[in-house]
Each structure stands twice: as structure tokens, then as C-alpha cells.
Amino acid sequence: MEQIINKTTAFVKETLKGAEAGHDWFHIERVWKMSVHIAASENCNLPVVELAALLHDIADPKFHQGDELLAPQIAGDFLNSVGVDPDVREAVLYIIRNISFKNKSDAPEHPPIELQIVQDADRLDAIGAIGIARTFNFGGFKNNLMHDPVQPPRLHMSKAEYKKSEGTTINHFYEKLLLLKDMMNTRKGREIAAERHRFMEIFLHQFLREWNGEPDR
Ligand code: ADP
Ligand code: NI
């Protein structure tokens, strides 16, 4: 298995060359490490967790005209080419199809533990200091406004609305990032999310104070 993991890291690094900085190899590496960390407290199939973490953003629909079939196709072809067991391959592809926040309304009712772990790791990378940095990077990439006091957050967006990635970066905190701590699947994930969530609240509080020109203490 170690050899397959090595081939997978090389494939992912190569494929994600030039990716937006919040969805590049370093995002994958953080999610991979966090998945392994969470998996240590759970009874799960570790190779499935590792391969799914490594391949989960191999062709993010946001960067491929919304195409949701491309990622499972690329990942499936790759896993065939390295001769992964068909059961492992299917389990990994299932995770890739179901991990995303925008698909939460049609999420499986009893997700396998391996999906729960990788989803928690991916969500943890969306919050805290790294989450803040990724969100402003993506907002800049889309040329969105950082903040606009007259635009309220849209709290019940459809999948199609969410996928447009419009709106301000500050509103993205209220539309997604602050919701994640209550969506965590695993105990370890919940613990880490609680701390990262507090950090985002402090950040937002300070951001809005400065925006509004409130004097420093
Ligand atoms: P997933 O990877 O679960 O499908 P998203 O596509 O919602 O999740 O987003 C992944 C990351 O990309 C977010 O955590 C955030 O950092 C960034 N992002 C996505 N949409 C926006 C947006 N509209 N504004 C700012 N950042 C965004
Ligand atoms: Ni991701």
C-alpha cells in the first residue's frame, strides 16, 4: 500500500500544479494528515481514508465549469492504473462523490466512517486561521468584494446559487464557515472545530470593528 500512496501523492502534486492556493497540493497534504490523525481514534479502513483524502479535490467542479463527473472519472482511471483492489476503489470514489458541502442536501443518511473522517478533515481546513486565509484567497481569485455592509448573507442558498460563488468573502463566513462546527461527524473533528471556530469569531469581531472605524482600546 505504501507504494500506491507514494504514486498517488506524485500524481496529485502533478495534477494540481498551478491550482488556486486554497485548493492546491498543500490543501491536500493538510487534509491527508488531518484524516490520518482523526482515523487514529476511529475504527476504519485506513487505505480508503488516505486515498480519498489525497484524491478528493483532483478535479474540483468549481474549477471545471461545474462538471461533477470529472473527478470520479480521473480518480477512477488513476486507481485502476495502479491496480487498487476494486472494493477500495469503489469506496474511494463514493467519498469523492459525496464529500462536498454543496451536496449536503442530498448527503447519504448513514455515511461510512471513512467518508465522515475525510469530510471532517476537509471541513477543518475550511475554518480557523487557514480557513480564513483560504477564503480570502478564493474571494480574490473570483474578484469578489471582501465586505459590503449593505449585502446581507444568503442563508438558504440552493446548490445552484451556492455554486456561483458570488457574494462577499465576509458573507461566506455566515453562509458556510460558521456552520461547519455543528456539522462535524467525529468526536476528534468536533473538538478541533470548536477551537478553530472561536478563532474565526474573534477575527470577524475585530474585522468589523476596524471596518466601522471603532477606536482601538
Ligand atoms: P467543498 O470543497 O466542500 O465543496 P466549497 O467549494 O464550498 O467546499 O469551498 C471550499 C473552500 O473554498 C471554502 O472553505 C472557502 O475557503 C473557499 N470558498 C468557496 N466558496 C467561496 C466563496 N464564495 N467565497 C470565498 N471563499 C469561498
Ligand atoms: Ni478539499
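Remark: segment 66-105 carries a charge dipole of roughly 240 debye about the Cα centre, counting +1 on each Lys and Arg Cβ and -1 on each Asp and Glu Cβ.
Taking the Cα centre as origin and putting +1 on Lys and Arg beta-carbons and -1 on Asp and Glu beta-carbons, what dipole magnitude results for the chain, to the nearest 20 debye?
On the way: 26 positive and 32 negative charges, 87 e Å.
Result for the chain is approximately 420 debye, rounded to the nearest 20.
Distances between placed amide hydrogens fall under 5 Å for residue 186 paired with no residue 5 or more residues away or on another chain.
Packing around the peptides 5-12, 35-42, 156-163, taken as the average count of other Cβ atoms within 10 Å per residue, puts them in this order, highest first: 35-42, 5-12, 156-163.
Just want to confirm a number: the relative contact order over the chain, from Cα pairs under 8 angstrom separated by 6+ residues, in percent. About 20 percent, as a whole number. Counting only residues at least eight positions apart within a chain, or on another chain, the lysines with an alpha carbon under 25 Å from that of residue 181 are 33, 62, 102, 104, 159, 163, 164. The charge dipole of segment 7-126, taken about the Cα centre with unit charges on the Cβ atoms of Lys, Arg (+1) and Asp, Glu (-1), comes to about 220 debye, rounded to the nearest 20.
Applying a 10 Å radius around every beta-carbon, put 55-61, 177-183 in order of their mean neighbour count, most first. Numbers along the way, then the final one.
On the way: 55-61: 21.7, 177-183: 17.1.
The packing order, highest mean first, is 55-61, 177-183.
Taking every eigenvalue of the Cα gyration tensor of segment 2-211, multiplying by 5 and rooting it, what semi-axes result, largest first, whole Å? The partial results should precede the final answer.
Numbers: eigenvalues 172, 70, 49 Å².
Working from the Cα gyration tensor, I get semi-axes of 29, 19, 16 Å.
Summary of the geometry: segment 10-60 and segment 131-162, compared by the centres of their Cα atoms, lie 24 Å apart.
Read-outs: derived from the displayed coordinates by stated rules, not from any lab. Treat the numbers as computed from the prediction; the structure is a model and nothing was measured. Every residue, glycine as well, gets a Cβ built from its backbone with ideal geometry; the counts of neighbours run over all protein chains shown.
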